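Inspection log for the structure reproduced underneath, given as structure tokens.
What follows is calculated from the coordinates using simple rules that are stated; it is not laboratory data. This structure is a prediction, so every number in the text was calculated from the model and none was measured. No Cβ is skipped: glycine too gets one built from the backbone with ideal geometry, and neighbour counts run over all protein chains shown.
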Amino acid sequence: MTRGVYVQEALAGLDRAAGTGVDPALPLYATTFVVVDLETTGGAPDGGGITEIGAVKVRGGEELGVLATLVNPGEPIPPFITVLTGISQAMLIPAPPIEQVLPSFLEFIADAVLVAHNAPYDVGFLKAACAKHGYRWPNPRVLDTAALARRVLTRDEVPNRKLSTLAAYFRTATQPTHRALDDAKATVDVLHGLIGRLGGHRVDTVGEAIEFARAVTPTQRRKRHLADGLPKVPGVYIFRAADDRPLYVGTSGDIATRVRSYFTAGEKRARISEMLAAAERVEAVECAHSLEAEVRELRLIAAHAPPYNRRSKYPERQVWLKLTAEAYPRLSIVRDLAPTDTSYLGPFRSRQAAELAAAGFHDAVPLRQCTHRLSRRTTMPACALAELGRCPAPCEHRITPEEYDHRAAAPFRTATTDDPKVVVDALLARIEGLSHAQRYEEAAAVRGRLAAVLRATVRMQRLVALTRIEELAAARPHARGGWELALVRHGRLAGAGVSPPGVHPRPTLNAIRATAETVLPGHGPVPAASAEETERILSWLERPETRLLETSSGWASPATGAGRFRALLSKAENGSSPQVSAERP
């Protein structure tokens with residue numbers, strides 16, 4: 001076998017983005033394939049072990065080039081490999097090592113689809129060699145002829161999918177011999193034979209061939225036409241049933257590409273397979289940019305509660321933790337806030353989350369836990385908590401309303417609107433005391449309550465900072481030039497658009513404002529939108545590239561607010577030990 005001269009040099013193709021070398025819509029007859037086969041020492045792909053590379057470049061049935069070389073693996077050749085391949089140790093001594101072969105090989109496969117029989121084996125060795133010797137694997141599109149044969153040929157035609165069996169079936173010009181170049185040439189003829197069979201399956205492009213080779217379900221194949229004609233723009237897609245009911249709502253920066261992915265082997269979720277079986281059409285809602293798409297998705301899910309969506313459904317199930325308006329207030333979990341409610345925390349996604357935060361406040365301050373409506377004039381018998389010292393017994397008037405407000409109610413109000421330090425310090429002290437007493441399970445439970453309190457206060461103060469602003473306009477650079485624009489009113493996305501490249505965004509912003517949704521102020525931290533929508537907007541606004549254009553009032557959080565306890569919250573949520581550091585901001 002002849003061996004070429006290999007020169008170490010920089011390859012422009014290695015810096016290309018993964019998988020972008022070949023357009024998946026390219027017809028098979030116009031696609032350049034590089035069919036490769038390796039001989040190895042038989043070990044695991046650890047960056048070495050390759051003894052021979054054979055590669056043939058073809059397009060439209062025409063051979064464009066050949067690359068073949070022995071490779072010195074730098075290790076002994078097992079005797080059974082020599083018997084199988086005929087490659088001896090003496091043959092490999094003058095051969096170049098893999099690090100000298102890789103530059104030419106990577107250049108040879110540039111802008112081509114890589115083809116191999118049992119491709120994961122060959123690709124695994126090549127990727128490991130690139131990683132070991134500092135070359136970036138270009139991540140080409142890969143077509144596996146063994147997998148393709150399993151989909152195209154029946155058991156009646158061939159008893160197995162071995163290369164030798166397929167070569168005999170297709171009567172290849174070169175028979176496989178366990179030598180790299182011969183096996184690669186045999187695989188070329190097998191590939192052409194398999195491509196000839198794909199027409200009957202309506203597979204015409206390289207992308208369709210790669211997906212066809214994968215293990216997609218009959219339902220995915222039958223419903224694949226639902227992805228036809230969808231726009232390649234940001235937006236929301238809705239899978240609808242025969243009676244037009246929304247089954248599933250999703251969002252993407254490229255609707256067409258995302259919907260097509262539901263009909264590939266990568267989609268393995270059982271509930272999505274069930275959804276595809278019921279789907280009859282896909283509706284696309286084009287949006288100006290990703291933020292508008294995310295918000296529209298949330299609103300559609302909340303409005304229709306599609307059966308196959310798991311997240312963001314039933315926002316009306318959120319609950320609040322409020323301080324009752326009584327002489328001796330207590331904490332109460334409610335579904336909605338009344339206009340007269342002034343001290344509250346939330347919203348919580350579940351009643352269990354609210355109860356955990358309430359337990360944290362009960363551990364920190366002497367709020368009563370009974371549900372009786374207490375009077376300033378008459379008394380009631382005290383409960384067991386009073387006897388245990390866990391309640392100041394306002395039911396027996398052991399404490400005045402003023403002192404109760406100072407010791408119990410005021411810390412809750414302050415924690416929710418400004419500084420939760422009193423509550424945090426009390427919980428940290430309790431954790432430390434339990435830890436010193438080696439009551440670690442109890443300390444861990446208090447740590448969970450501390451995390452619940454901080455999580456809720458940080459979240460609510462962050463929401464309030466935005467929702468109290470009557471109007472805010474912001475812009476972010478668009479990927480294709482121009483600016484993504486968002487008009488936010490009381491935490492709700494009221495308008496969105498994209499200004500053209502090279503044009504000042506002011507006229508576009510004025511047009512958005514003129515047609516934007518009217519949003520009236522309301523009561524509570526999220527008066528005009530769901531908490532999840534406002535949080536999506538906040539995430540978009542807080543990105544480094546986003547610029548604030550206009551705001552009707554200041555966007556700020558309290559200097560001594562709950563946000564300064566974020567590090568402590570992270571420790572409480574992620575700590576493996578019941579004891580939380582007592583370091584205070």
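Farthest toward the positive end of the dipole of region 217-305, out of Ser252, Thr264, Leu298, is the Cα of Thr264, where the dipole comes from beta carbon charges about the Cα centre. Calculated on C-alpha atoms, the gyration radius of the chain divided by its Kirkwood radius gives an Rg/Rh of 1.12.
The listed peptides 415-424, 136-145, 520-529, 178-187, ordered by packing as a protection proxy, come out as 178-187, 415-424, 136-145, 520-529 (highest mean of other Cβ atoms within 10 Å first).
Checking the a/c ratio against 1.5 first, then a/b against b/c, what shape does the Cα gyration tensor give for region 130-225? Oblate. Each Lys or Arg adds one and each Asp or Glu takes one away; over the other residues whose Cβ falls under 9 Å from the Cβ of Ala147, this sums to +3. Taking a straight line from the alpha carbon of Lys223, these lysines sit under 29 Å away, with near neighbours fewer than eight places off in the same chain left out: Lys232, Lys268, Lys313. Considering only Ile53, Ala129, Thr219, and ranking their Cα positions along the charge dipole of the chain that arises from unit charges at the beta-carbon of Lys, Arg, Asp and Glu, the one farthest toward the positive end is Thr219.
Normalised radius of gyration for region 281-428, please: alpha carbon Rg relative to 2.2 N^0.38 Å, two decimal places.
Rounded to two decimals, the normalised Rg is 1.39.
For Lys571, the lysines whose Cα falls under 18 Å of its own Cα, not counting residues fewer than eight places away in the same chain, are Lys421.
Charged side chains reduced to their Cβ positions (Lys and Arg at +1, Asp and Glu at -1) give region 341-423 a dipole of some 200 debye around its Cα centre. Residue-wise HN-Hα couplings along region 446-461, as the Karplus relation 6.51 cos²θ - 1.76 cosθ + 1.60 with θ = phi - 60° gives them from phi, are 5, 4, x, 5, 4, 4, 5, 5, 5, 4, 6, 6, 4, 5, 5, 5 Hz; Gly and Pro carry x.
Compute the angle between helix 421-436 and the longest alpha-carbon principal axis of the chain, please, reported from 0 to 90 degrees and rounded to the nearest 10. On a 0 to 90 degree scale, this one is about 70. Across region 379-386, coupling constants 3J(HN,Hα) worked out from phi with the 6.51/-1.76/1.60 Karplus curve, θ = phi - 60°, read 10, 9, x, 6, 8, 5, 4, 5 Hz, and Gly and Pro carry x. For region 63-74, 3J(HN,Hα) computed residue by residue from phi via the Karplus equation (6.51, -1.76, 1.60; θ = phi - 60°) reads 7, 9, x, 9, 10, 8, 6, 6, 10, 7, x, x Hz, glycine and proline entered as x.
In this structure the amide hydrogen of Leu143, modeled in the peptide plane, comes within under 5 Å of the amide hydrogens of Leu114, Val115, Ala116, none closer than 5 places in sequence on its chain. With Cα atoms as the point set, the radius of gyration and Dmax of region 360-464 evaluate to 15.2, 44 Å. Summing Lys and Arg as +1 and Asp and Glu as -1 over all other residues whose Cβ lies under 14 Å from the Cβ of Asp183 gives a net charge of -3.
Each Lys and Arg adds +1 at its Cβ and each Asp and Glu adds -1 at its Cβ; summed about the Cα centre, the chain shows a dipole of about 1520 debye. Note on Arg547/Lys232: beta-carbon distance plugged into 1/(1 + (r/R0)^6) with R0 of 25 Å gives a FRET efficiency of 0.40.
Computed over the chain, relative contact order equals 9 percent, with contacts defined as Cα pairs under 8 Å that lie 6+ residues apart.
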